[in-house]
1. Dividing the Cα convex hull volume of region A:603-678 by residue count, how many Å³ per residue is that?
2. Would you mind pulling out the separation of the Cα centroids of region A:553-604 and region A:226-260, in Å?
3. Magnitude of the Cβ-charge dipole of the protein assembly as shown, K/R +1 and D/E -1, about the Cα centre, nearest 20 debye?
4. Give me a single rounded figure for A:733-745: the average over its residues of other chain Cβ atoms within 10 Å of their Cβ.
5. Taking region B:6-81 on its own, what percent of its Cα-Cα pair distances exceed 21 Å?
6. Go through A:333-342, A:640-649 and give me the packing order, highest mean Cβ count within 10 Å leading.
7. What does the structure give for B:142-150 when I average, per residue, the other chain Cβ atoms found within 10 Å of the residue Cβ?
8. Over the Cα atoms, compute the radius of gyration (one decimal) and Dmax (the largest Cα-Cα distance, rounded to a whole number) for region A:492-640, in Å.
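Here, each number is a calculation from the coordinates, and none is a lab measurement. In this text the structure is predicted, and so the values were computed from the model without any measurement. Neighbour counts run over all protein chains shown; Cβ positions are idealised from the backbone, glycine included.
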Amino acid sequence: MTIVDRSAPPVRTHKDNRKWVGKSIRRVEDPKFLRGGGGYIADLVTPDMLHVAVLRSPHAHARIAAIDTVAALSAPGVHAVITGARAAALCDPLPDFGPDPANHTWRCLAVDTVRYVGEGVAVVVADDRYLAEDAAALIEVEYEPLDPVVDPERALAEGAPLVHEPLGSNCAYDRTFDFGDVETDFAEADVVIRDRLRWHRSGGQPLETVGAIADFDHATGELTVHTNSLSFTSYLFMVAGTLKIPTNKLDIIPVPAGGSFGSKLFATKPSVIAGMCSREVGRPVVYLEDRVDNMSNCDHHGSDRVYEVELAMMRDGTMRSLKIDTIDDYGAYIQFGVGHHGNALAQVTGPYRIGSVRYRVRAVLTNKNQQGAYRGFGSEVNNWMLEQMVDKAARELGLDPVQVRRQNFVRTFPHFIPTGNVYDSGNYDAVLDQALKLSDYDRWRAEQRRLLEEEGRYIGIGLITAQERSVFSATEFWFWFDEPGAPVTSMPESVTLKVDATGGITATLYSCAFWGNSPETMVAQMVAEEFDVDPYSVSIVYRGSRDGLPATGPGGSRTTVMLAGAVEGATAKIKAKARQAAAHLLEIDPDDLEWVDGGYQVKGVPERRKSLGDIAIALHLFKHSFPEEIESGLEDSKVFDHPYTTMPSADRKDLGVFYPFMGHACHVPVIEVDIETGGVRFLSYAAVHDCGTLVNPRSLAGHIVGGTAQGIGTALYEEFAYDDDGQLQATSFLDYLIPSAMEVPELKIGHAETPSPYTPHGIKGGGEGGRMMAPAALNVAVNDALAPLGVRVTELPMTPDRLLTAIRNARESR
Amino acid sequence: MTGQKRHITLTVNGRPVSADVEPRRLLVDLLREDLGLHGTHIGCEHGVCGTCTVLRDGASIRSCITFAVQADGAEISTVEGLAQGATLHPLQEEFWEKQGLQCGYCTPGMLMRACEIIERNPDPTPEQVREEIASNLCRCTGYQFITEAVVDAAKRMRADSDSTTGAQT
């Protein structure tokens, strides 16, 4: 029997007279970046450091018969050459949350078999990068090529070459979940809409690659690592364990990242390589990926899925049930398991009242770089899949695509979807209404008809309505297994607030530094809100992992909500102490005081007050004026744990609450397809998002536009294509096509604000929204444009070549 | 591989610089490592993304595919030369105001490219700015707020230049 505890946290009331939360202030982080003083990882390199270059496999699949490093070792400026075999003696395997990790062991360098083009086989440590690369070119590796397996469906076939022999199969995971009564819902449905869909792999590709500077001190046994990867204090054991050093001898210090979009999440390999090399040579060592390193070997390619989907519908447009069967090509390793599908299950039914879901996932291993994280973490793919199905249903049933969506909207909250996750709040009609208006939808529908009839032009309107989950709980990584061996995961985030003797406030953050989001601005605005100070007066510092409080770091659009909770909690502690102190100074009962405009004052007697500065100086310098129990200083911390997550049921028919703060958006691109060239051009693009209470509307808008630009890349241009031999076809930005300013339209942006009942200020995360929506919207738009030709595109990216092929095939079949 | 070092002299942000460099040494490495000017960043290393953009004699170049020896005798301008002490350049002000940056990594290259665009056309339309900054990739912003920032910086610079001219007459 399915038993779940769905107890929610208390419903909050949010104050509505906010001074700073909700204002589009200029970001507090920006001046240093504008002046070129960002302090990124490469900026920390000093002349005493040695540099690492990695020798990479040119083969997709081969045995390493021999490696000769003699010439490389005697090359100028070389301090060490470490092969995979030596690295395996120095380091344990890299952390792997996948099923059965012992049978697909992942190491920082390949030991006896290379499994994809770009996998590292040896590293050189030299005086500078030029010399390190010179020496790497002198390493002679004797390979015995093996047959590669590249296509995920062929990888499942009998007799396919095995990526990992010990696994005995290329299928790392295969499971089917039923949520609700799928069979009955399908039996009662009028029609079943079916399709096969293909989403090829792309990736975050920030302009800055991953890097690490490691300094191992043989005198103390301590390792200090600066890195632009996530430096979760909660997870530093991942690096420490691999390097076989005690966690209390490792300090990981966060450095601003020049973009991540997921791709610097848990990037442990660069830190391990730098740490291993530093320990070997006894000098500080820097390893900075170059672009080829990053494209071929970043461990962060995005989803790569084949879908067979069935959507059960009633003729009137009511959606009943979904059957999803997906094969996901994970590449050569599977570091995060199938967490990407857990993510999809957080919002698998979209904004619609769909009563049941069957979800089968097969995680397939092939000779490619492995999957990691890319903005959306797999739920953007689900959004795309579901919206293509809804769109197809509307076409097949002759229903209006707007109406069919609207009539299925969830309207009562909190709403539990069949998988067990909750949608905390929302107002999907309000978002849709605003989007229809902002996009000038009706006018474009008329224009679309006119331009086709009068000018033979193919215009498409791509309206989609989809979800934007936020604030993940890590259960999505382990509810796949019946024996998780862990209770519900708390995923904390911490903030320390210190009020100095003159009332100046410093906030300390403990997870990854800035990576293009704006944690400093968010925290400054929240502190300003709590203490009635100027946000630019708040000082923000970061702490390394060793003396840091528990912190999980960004990911799953969690940072702003979690930091808000931590700031709120630390503020409450500081204000409680300040109130006691003020009461003592004013010789009055603490309950007779109220916080007004930056200080405590006697209720109804505004002239009897103590500002935060008055209180702070007394607490710092004049402790003996206070009673015994009041200590000197005014500083406190809050470790804020995930506010709403529950255990999955033992039978896994209910996965519990794991992604509760549910945003929503409607995107409406209007495009024109040139049927002679296969090119797609934007005529208009409107996007309305609801991420709960806005903290800084301008920066959220920036994430919406930027995420949409990435979604445009995913939909039209970007692909890590591998040929039949497993050669990566995109190894520079000449082949991997990131949209430029000419490929991204100007967006009309709308915001709706439905506060979460469960978070501080009602904030929901919104960092991934643009990319959650744009691929789905553009596919719908292109199919809308090409519908008169009988073309339906089911594969992303919709390159000119793919579009022309689809148009030609449609013409030939007529 | 390695070669005899060459002596070069150049001007960087108005200051004379001389260095002995291998012929293969990249200009971006000279700027970042030898001169400590970390504002110029390395993005794709193939001359595609424009992250490493600096001005050579007023024209934008990709410093990641330019050898240091190719800058011999040239005037190089980098992001470090934009602000005058506490005063940000109008482009920096407008990028801040419009949130024309997120991670900040492409920003120095964007700013230098924008300097060149405004120098050549002091009154660019948003469409012209989009077309011209398409030389430089930004992975964060989607370019919308960058475009706004460049257009408004040009406006601000025209106003500044008008007031300067007015003061002189």
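1. Values: hull volume 30.5 nm³, N = 76.
Roughly 401 Å³ of hull volume per residue.
2. With region A:553-604 and region A:226-260 each reduced to a Cα centre, they are spaced 32 Å.
3. Numbers: 93 positive and 133 negative charges, 233 e Å.
With Lys and Arg at +1 and Asp and Glu at -1, about 1120 debye.
4. Details: counts 9, 4, 2, 2, 1, 6, 6, 12, 16, 7, 2, 8, 4.
Mean number of neighbouring Cβ atoms from other chains: 6.
5. On the way: 362 of 2850 pairs.
Summing the P(r) tail past 21 Å for region B:6-81 gives 13 percent.
6. Numbers: A:333-342: 26.3, A:640-649: 21.8.
Answer by packing, highest mean first, reads A:333-342, A:640-649.
7. Numbers: counts 20, 11, 13, 6, 1, 3, 1, 0, 0.
Per residue, the average neighbour count from other chains is 6.
8. That works out to 15.9, 48 Å for Rg and Dmax.
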